[in-house]
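Each remark here refers to the structure printed beneath this line.
The values are calculated or read from the model by the stated rules, or taken from the named source; none is laboratory data. Worth saying up front: this structure is predicted, and the values here are computed from it rather than measured. Here the Cβ positions follow ideal geometry from the backbone for every residue, glycine too, while neighbour counts run over all protein chains shown. Remember, those area values only see protein heavy atoms, side chains included, never the ligands or the DNA or RNA. Shrake-Rupley method; radii C 1.70, N 1.55, O 1.52, S 1.80 Å.
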Amino acid sequence: FADQARLNAMGEIATGIAHELNQPLTATLTYNQTALRLLPPQDEKVAPLLVASVAQIKRIAALLDRLRTLLSRGQINLQPVIVADIWQRVNVLLSHEIAAANVTILNTIPAHLPALQSDPLWLEQVLHNLLSNAIHAIQKTPTPTVYFTVSRHTKQWVIQIEDNGPGLTQQQLDHLFTPFYTTRESGLGLGLTLCETLVQRMGGDIKAGNSEHGGACFSLTFPLITGSAHDQAHLSD
């Protein structure tokens with residue numbers, strides 16, 4: 001009951017923070033866009049940095065908007081997304097952490113997969129959280145490796161993120177998605193809880209276990225939504 005009360009309180013706080021951040025974000029975006037317009041056309045050093053900054057500000061604004069939708073339990077409008085593109089963006093966002101820990105990312109993504117019906121920013125947030133956790137878990141592994149696998153079955157999509165770290169204990173498996181449960185000293189214990197909520201809001205499910213590589217394995221499943229001739233053609237492959 002105490003944990004639920006804390007979670008409800010944090011929801012109220014998060015809603016207020018999302019609202020208050022809108023104005024400074026809008027101002028910062030305006031400043032960056034104005035600076036871009038004032039730069040000389042031949043500038044090749046500052047302009048790319050400002051363009052990247054604008055992109056990240058827009059991403060934050062979109063995430064805050066999705067957070068408000070999540071907290072308000074509003075209607076979710078799923079759209080077709082290319083999983084490989086989302087995963088590539090997550091790798092770019094975490095490129096510094098990947099390089100610092102000398103992590104190898106092994107991808108198994110079949111070619112010519114049709115789009116997955118989801119919320120692109122929410123899916124990105126989930127994959128970002130899972131990859132970040134995996135990188136943290138394999139810090140002391142001799143050859144730190146993350147395996148990303150996408151497969152498509154008759155009735156569902158399956159996305160798996162595995163690592164070759166120490167794996168998960170039974171206690172961790174029992175409490176991973178419990179709010180405020182964490183094994184990190186500086187952790188809040190809300191990352192996986194949020195992942196579970198986002199995945200379920202998109203009509204999917206998330207499960208945790210240990211993989212054949214010895215580390216943790218997180219599996220995301222989403223219902224296969226078909227409707228186009230393109231999708232029907234792939235179903236018959």
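One table, with the values for the structure above:
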{"item": "Label-point gap, in nm, between His153 and Arg59 - each point 7 angstrom along Cα→Cβ", "result": "3.2"}
{"item": "Relative contact order, percent, region 78-199 [alpha-carbon distance under 8 Å, six or more residues apart]", "result": "25"}
{"item": "Sum of side-chain charges, Val199 neighbourhood, beta-carbon under 11 Å (Lys, Arg +1; Asp, Glu -1)", "result": "-1"}
{"item": "Region 92-126 and region 19-67: distance between their alpha carbon centers, rounded to Å", "result": "24"}
{"item": "For Ser95, solvent-accessible area (1.4 Å; no DNA, RNA or ligand), Å²", "result": "60"}
{"item": "Point-to-point label distance, Lys140-Asp85, nm (Cα→Cβ direction, 7 Å offset)", "result": "4.1"}
{"item": "Solvent accessible area, Å² - Arg89, 1.4 Å probe, full protein context", "result": "100"}
{"item": "Separation in nanometres of the label points that stand 7 Å from Cα toward Cβ, at His112 and Leu78", "result": "2.4"}
